[in-house]
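The values are calculated or read from the model by the stated rules, or taken from the named source; none is laboratory data. Note that the structure is predicted; figures quoted are calculated from it, not measured. For neighbour counting, all protein chains shown are included, and Cβ atoms are generated from backbone atoms with ideal geometry for every residue, glycine included.
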């Protein structure tokens with residue numbers, strides 16, 4: 001450690017979920033691991049070899065027994081010395097073990113502090129660190145797979161490839177600024193244009209995969225809207241595969257928004273059934289319709305439900321922001337109407353299930369999901385924003401191909417935006433915001 005650099009605290013926390021369980025883990029990381037191990041279990045275990053031992057408090061009283069594991073720096077999760085005490089998973093027992101560790105010289109870790117140390121010690125870059133949280137919070141198996149790929153470095157490698165290409169192009173451009181020559185300038189301009197074109201294409205590919213992954217991470221908010229009795233609740237039940245909503249022939253049965261979480265091709269979707277939109281003097285029904293319009297404003301995909309044979313649009317204006325699909329329901333009641341998709345309209349029968357698979361595919365497509373079997377990156381909003389900024393600067397660079405100073409500056413700004421994704425360019429306040437959302441113990 002460089003002279004004058006502060007020695008980091010030794011931190012500790014329960015690393016398993018709150019509540020009762022068969023096993024509970026207290027994790028310790030920092031320079032006092034050896035002393036804490038000596039105080040709590042009597043000795044420091046050999047690195048990466050589990051030992052069975054008793055856990056004792058500051059008075060020498062046994063509070064639990066279990067397995068102790070030591071991971072020597074820098075070959076640990078955080079890059080510091082790490083000790084894990086694996087005992088019985090009762091909350092009282094875990095609190096007692098944690099209390100013993102704190103009495104021995106550790107302090108309680110803040111949310112995400114273990115992973116933050118892994119980032120600061122170079123064990124993970126920032127995108128990989130965020131993938132740890134995304135893996136824990138994954139709402140579907142496909143989201144978990146994508147988070148695991150990001151944790152393994154796939155997303156970071158794609159960003160690193162873009163940065164390497166920018167670095168090379170910037171070096172050539174700086175050389176042109178230092179050694180101007182008209183003949184060389186013409187050759188370099190052509191070469192720079194080709195290189196920039198390849199970089200822009202590669203960036204578009206990363207952005208497309210990132211937008212796809214963003215859907216896996218955040219899910220899709222799909223809202224069913226229409227007049228009363230067009231079959232919105234029946235459609236919700238059919239999509240959910242269970243009787244979640246009350247279905248009757250009486251108009252206005254649904255008075256409040258009913259949410260059901262489903263998955264389509266591994267993409268999490270929250271489908272919202274809403275009150276029917278029509279003219280009504282009923283105060284409760286009016287409140288329900290007001291909530292319907294609020295849900296519609298927040299929708300990623302708005303499913304406008306019509307009844308086959310009538311095709312009456314819901315009363316009132318529909319929001320312009322959401323992607324919209326028209327779903328013609330109850331085709332089983334109109335002879336000659338065939339299930340399927342025609343343009344932006346999907347013909348289905350919630351009663352028989354005809355056309356429901358087509359509707360599922362149309363919902364994903366409307367939200368921007370394409371099932372191509374390709375790797376997707378579980379991107380966050382800040383990743384998409386940084387990629388968008390990089391794209392703007394590369395577009396500006398293309399427009400400044402004859403002015404090398406401006407061309408080089410746009411390349412630098414694009415590289416800086418990409419650096420924010422992996423953490424090579426990162427403000428401390430951003431780190432605080434990111435890691436504060438982690439759970440304690442991770």
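Please specify each residue of region 91-128 satisfying the condition of being over 18 Å from residue 439 (Cα atoms) and not in a helix (DSSP H, G or I).
Of everything in region 91-128, those that are over 18 Å from residue 439 (Cα atoms) and not in a helix (DSSP H, G or I) turn out to be 104, 105, 106, 121, 122, 123, 125.
Which of the residues spanning region 73-87 are outside any strand (DSSP E or B) and surrounded by 15 or more Cβ atoms within 10 Å (Cβ to Cβ)?
Within region 73-87, 73, 76, 77, 78, 79, 80, 81 qualify.
Residue check: is residue 333 within 21 Å of the chain's Cα centre (by Cα) and either outside the structural domain of residue 150 (by TED's automatic domain parsing) or crowded, with 17+ Cβ neighbours inside 10 Å (or both)?
Judged against the criteria, residue 333 is not a match.
Before we move on, is residue 96 closer than 26 Å to residue 124 by Cα and surrounded by 15 or more Cβ atoms within 10 Å (Cβ to Cβ)?
Answer is no for this residue.
Name the single residue, out of those in region 1-31 being closer than 13 Å to residue 113 by Cβ and surrounded by fewer than 18 Cβ atoms within 10 Å (Cβ to Cβ), that is modelled with the highest pLDDT.
So the residue we want is 9.
Does region 129-142 include one or more residues that are in contact with a helix residue (DSSP H, G or I) (Cβ under 9 Å, 6 or more places away or on another chain), buried (at least 17 other Cβ atoms within 10 Å of the Cβ), part of a loop (DSSP other than H, G, I, E, B) and at pLDDT 85 or above?
No, every residue in region 129-142 fails to be in contact with a helix residue (DSSP H, G or I) (Cβ under 9 Å, 6 or more places away or on another chain), buried (at least 17 other Cβ atoms within 10 Å of the Cβ), part of a loop (DSSP other than H, G, I, E, B) and at pLDDT 85 or above.
Go through region 12-36 and count every residue that is farther than 18 Å from residue 74 by Cβ and either part of a helix (DSSP H, G or I) or more than 34 Å from the chain's Cα centre (by Cα) (or both).
Looking only at that region, the number is 2.
Could you list, in sequence order, all residues of region 151-178 that are crowded, with 16+ Cβ neighbours inside 10 Å, under 17 Å from residue 393 (Cβ atoms) and modelled with pLDDT of 85 or more?
Scanning region 151-178 gives 159, 162, 163, 165, 166, 169, 170.
Could you tell me how many of the residues in region 357-404 are more than 29 Å from residue 137 (Cα to Cα) and touching a residue at least 60 places away in the same chain (Cβ under 8 Å)?
Total meeting the criteria: 8.
Does residue 398 qualify as being closer than 30 Å to residue 199 by Cα and more than 30 Å from the chain's Cα centre (by Cα)?
It is true that residue 398 is closer than 30 Å to residue 199 by Cα and more than 30 Å from the chain's Cα centre (by Cα).
For region 305-393, give me every one of the strands (runs of 3 or more DSSP E) that falls completely inside it and has 1 or more residues that are over 27 Å from residue 268 (Cβ atoms), out of contact with any helix residue (DSSP H, G or I) (no Cβ under 6 Å at 6 or more places or on another chain) and at pLDDT 90 or above.
Because the criterion is at least 1 residues that are over 27 Å from residue 268 (Cβ atoms), out of contact with any helix residue (DSSP H, G or I) (no Cβ under 6 Å at 6 or more places or on another chain) and at pLDDT 90 or above, the strands (runs of 3 or more DSSP E) in region 305-393 that meet it are 340-342.
Could you tell me how many of the residues in region 54-68 are touching a residue at least 12 places away in the same chain (Cβ under 8 Å) and either outside any strand (DSSP E or B) or surrounded by 18 or more Cβ atoms within 10 Å (Cβ to Cβ) (or both)?
The qualifying residues number 8.
Taking residue 64 as meeting all but one of (1) in contact with a strand residue (DSSP E or B) (Cβ under 9 Å, 6 or more places away or on another chain); (2) closer than 21 Å to residue 132 by Cβ, write down the number of the exception.
Here residue 64 clears every test but (2).
Could you go through region 340-348 and let me know if any residue there is closer than 21 Å to residue 300 by Cβ and buried (at least 18 other Cβ atoms within 10 Å of the Cβ).
Within region 340-348, one or more residues are closer than 21 Å to residue 300 by Cβ and buried (at least 18 other Cβ atoms within 10 Å of the Cβ).
May I ask you to say which residue of 276, 252 is crowded, with 19+ Cβ neighbours inside 10 Å and at pLDDT below 75?
Sole residue among the options that is crowded, with 19+ Cβ neighbours inside 10 Å and at pLDDT below 75: 276.
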